[in-house]
Amino acid sequence: MGRTRKGWRRVINGVNISAFFVTLFIALPLYWLIISSFKTPVAMGDSPPQYWPSPFSGANYSQAFVQYDFGIYFRNSLIVTLCATALVLVFGTVAGYALGRLPMRGKFTLMVTLLIISVFPEIALIAPLYLLERNFGILNSYEALIIPYTAFNLPFAIWILRNYMLGIPKEMEETGRIDGAGPLRTVWSIILPMALPGLFTAGIFCFTACWTEFLMALTFESVNNWRTIPVGIAEFGTPLEVPYGTIFAASVVAVVPIGILVFIFRKFVISGLTSGAVKG
Amino acid sequence: MATVDLQQVNKVYPNGFHAVKDFSLNISEGEFMVLVGPSGCGKTTALRMVAGLEDITSGTLRIAGKVVNDETPKERDIAMVFQNYALYPHMTVAENIGFALKLRKLPKPQIASKVKETAEILGLTEWLDRKPGQLSGGQRQRVAMGRAIVREPSVFLMDEPLSNLDAKLRVQMRAEVQRIQRRINVATLYVTHDQIEAMTMGDRVAVMRSGVLQQVNHPQALYDHPDNLFVAAFIGSPAMNLYEASMTDDAGTVRLGSQEIALPVVCKDAHPGLARYGGKKIILGLRPEHLPAANGNAAAAESAESALVGNVDLVEALGSELMVHFTIDARTVVAEGATSDDDDTTARSGEGVARVDPSAKAKVGERITFAVNTAGMQFFDPETELAIWD
């Protein structure tokens, strides 16, 4: 901006007002979630509501972990999500590389098929998948979720990674070959670092999708020991009581990993990573 | 140190496109060979076959006397500079230069000292810790060169390495590339579509068209003795003026439209083959500098029988000389594919360019007389497009 704004116009302008409302829209529910998790069960139902918890109580948190096995759910979610994300990234990278960079027949058909698969509604496949998993005897296990999570998230990841791979000039590989790098070395030392933004994007999407998935987790894990966070939280309480405070506390803890991930994602300056490779 | 020898090399793509046809070329030790031709003439394909990035359909490629058709780029011990540099964006300049050495598992201190030495040659010492994204075009170009020379390859390949630079930097880097090539003194194959680059840089220049090698020679020899119409039209800027003409029955005079230019004995002696063209059509080639203005020049006017008169269309004053665009009443010949894309290919019939002394009086719309330098005349057969010498 060339001109400098004076006085109040420096603070109150279109951009800042829009930003304020967007922030409000996102931050207010989060704020409500967090402060409510520190309220006592009695204060929960106050009218008008408390905008700051008084008294301040950590009871909901201890209850989530002690009474409701939230620790187990958290561990299950973490294992299932990390395994599925890792598998998606490994397969996605290999497939994306092949589809993006290798001469291959039927690429287009394959990509369109992947696109169709990725928009297929989960609910339509739940019943047959349940029967399949029962026949294989893998209900109530980590595999019960890791396998379908990988399958459901792979098409999207392949698309993202394939597009990143496609954008890497072929001279990068040729230079590698001339420098004396074998195919594996080329992918590891040259292609992968250049596809890093794609890996992060695909990884974040996959992680979030697996972390918040409900339907399959509910259907394939009927035993408490195997439940993940979304299902675990939904099962909190009794038919006579909904422990809102505990649900809020558990939800706050569930948000933390995603928050950390986004923080790391931000730390990597993704854009501009590939700049300077080619042209002047 | 090695030689490169291509014998009857062909490249046919799976879709049937014959990109390179019976290509034979020999590059001796330390020689700077420039391969030049219009876009899509197969020059880059030829280079890539030498590099090992493209399979050779038939023929033999020898490097240092050894047949290397089926060897990988690594085994051929070549280095290549790409048009778009292809630097590794996630590595620093030092890592970029040292990558090939690292792959060869050289000890770290040795890599460091070689990288340092290379950086000194190229003036990159202070940029070693930067990433390519933080460098200017010229610096990136130098890193790409550094990556190639640090390995001390036996053959150095360059694919239009200067085409991404701006005009001024390109001229500067032209000298720089030559200096580096002299210093490392290895056989070099340099591909470009720019004939000026080819003429100024090459020890020898190979001209290619439509997958076929047209002529290989020293730059001056190419300029003075083109083998065919294409080479004559492609080499030189402004390009050679080419006209449809005919010989008189005694093959002593050229008819150019309504004008006649008598050929002196020296000219007939230099082109004895002309005797066979008595009464036949030929193509006459006149370089712009062989058309000095005769206006007010007594000495030139004397040899009036080899004068050429044209109408001035446009005068470009370049300070040291004038570019006079003129028209005569003869048909202009355009050699297919010889004009570059940015040239005006829709040359009007009879157009020509002369490079004359600034003292000459050339005014738009007026007539101008040129004292044709008959020694510089070139003659081509209209059927075969080959130059007429013996």
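Where a number appears in this text, it was derived from the coordinates with a stated rule and is not lab data. Since we're looking at a predicted model, the values are computed, not measured. Every residue, glycine as well, gets a Cβ built from its backbone with ideal geometry; the counts of neighbours run over all protein chains shown.
Observations, loosely collected:
- Springs join every pair of Cα atoms under 10 Å in this Gaussian network model of chain A, and among A:Val242, A:Val42, A:Val256 the largest mean-square fluctuation is at A:Val42.
- Rounded, prolate or oblate (a/c below 1.5 giving rounded, otherwise prolate when a/b exceeds b/c) for the range A:210-258 by Cα gyration tensor: oblate
- In this structure, the amide hydrogen of B:Thr3, modeled 1.01 Å from its nitrogen in the peptide plane, lies closer than 5 angstrom to those of B:Ala64, B:Gly65, counting only residues at least 5 positions away or on a different chain.
- Rounded to the nearest 500, the helix-only mean residue ellipticity at 222 nm of chain A stands at -21500 deg cm²/dmol, with each DSSP H run of n ≥ 4 adding -39,500 (n - 2.57).
- Hydrodynamic radius by Kirkwood, which averages 1/r over all alpha carbon pairs of the range A:7-61, in angstrom: 13.2 Å
- Projecting the Cα atoms of A:Gly7, A:Cys83, A:Leu131 onto the dipole axis of chain A, where Lys and Arg carry +1 and Asp and Glu carry -1 at the beta carbon, places A:Gly7 farthest toward the positive end.
- Peptide-level mean, for B:81-93, of C-beta atoms on other protein chains within 10 Å: 6
- Candidates B:Gly16, B:Gly42, B:Gly133, ranked by Gaussian network fluctuation over chain B, Cα under 10 Å, top entry: B:Gly16
- Averaged over peptide B:101-107, the number of partner chain Cβ atoms lying within 10 Å of each residue's Cβ comes to 2.
- For B:378-386, mean number of other protein chain Cβ atoms within 10 Å: 0
- Placing +1 on each Lys and Arg Cβ and -1 on each Asp and Glu Cβ, with no other charges, gives the protein assembly as shown a dipole about its Cα centre of roughly 2560 debye.
- For A:Phe108 and B:Thr57, a Förster radius of 45 Å and the Cβ-Cβ distance give a FRET efficiency of 0.95, rounded to the nearest 0.05.
- Hz values of 3J(HN,Hα) by residue in the range A:217-233 - Karplus curve (6.51, -1.76, 1.60), Gly and Pro given as x: 4, 5, 6, 8, 10, 8, 9, 3, 4, 9, 5, 9, 3, x, 6, x, 5
- Per-residue ³J(HN,Hα) for the range B:268-285, Karplus 6.51 cos²θ - 1.76 cosθ + 1.60, θ = phi - 60°, Hz, x for Gly and Pro: 5, 5, 6, 10, x, x, 4, 4, 6, 9, x, x, 10, 7, 9, 10, 9, x
- Sequence of B:Asp77, B:Asp249 once ranked by neighbouring C-beta atoms within 10 Å, starting from the fewest: B:Asp249, B:Asp77
- Each part reduced to its alpha carbon centroid, the range A:80-110 and the range A:135-163 end up 13 Å apart.
- Placed amide H near B:Met208: partners under 5 Å, 5+ positions off or other chain: B:Val36, B:Gly37, B:Gln214
- Cβ-based charge dipole, the range B:208-318, positive-most Cα from B:Ala262, B:Ala245, B:Val312: B:Ala245
- Note on the range B:4-228: dipole from Cβ charges, positive end direction compared against B:Thr44, B:Ser24, B:Ser163; the farthest Cα belongs to B:Ser163.
- In sequence order, the range B:370-382 has phi-based couplings of 9, 8, 4, 7, 5, 5, x, 5, 10, 10, 10, 6, x Hz under the Karplus curve 6.51 cos²θ - 1.76 cosθ + 1.60, θ = phi - 60°, and Gly or Pro positions carry x.
- Cα gyration tensor shape for chain A, rounded if a/c is under 1.5, else prolate or oblate: oblate
- Prolate/oblate/rounded label for the protein assembly as shown (Cα gyration tensor, a/c 1.5): prolate
- When both bridge partners sit in chain B, DSSP labels roughly 75% of those beta bridges antiparallel.
- When the chymotrypsin sites (Phe, Trp or Tyr not before Pro) in the range A:1-110 are filtered for DSSP coil states and for at most 13 other beta-carbon atoms within 10 Å of their beta-carbon, the remaining sites are A:Tyr51, A:Phe56.
- Looking at the range A:43-133, the trypsin sites (Lys or Arg not before Pro) that sit in a DSSP loop and have at most 15 other Cβ atoms within 10 Å of their own Cβ are A:Arg105.
- Near B:Asp329, the amide H atoms lying under 5 Å from its own belong to B:Ser258; only residues 5 or more places off or on other chains count, and H is placed 1.01 Å from N.
- The GNM of chain A, with springs linking C-alpha atoms under 10 angstrom apart, assigns the highest mean-square fluctuation among A:Met104, A:Met194, A:Met165 to A:Met104.
- Assigned charges on the beta-carbon of Lys, Arg, Asp, Glu; chain B dipole about Cα centre (debye): 1740 debye
- Beta bridges by DSSP in the protein assembly as shown, antiparallel share as percent, to the nearest 5: 75 percent
- Pairwise centroid distance, computed over Cα atoms, of the range B:43-81 with the range A:1-64, Å: 67 Å
- For chain B, complete DSSP H runs whose alpha carbons reach 24 Å or more along their own long axis and whose mean Kyte-Doolittle score is -1.0 or higher are B:167-184.
- The range A:68-235, dipole about Cα centre (Lys/Arg Cβ +1, Asp/Glu Cβ -1), debye to the nearest 20: 460 debye
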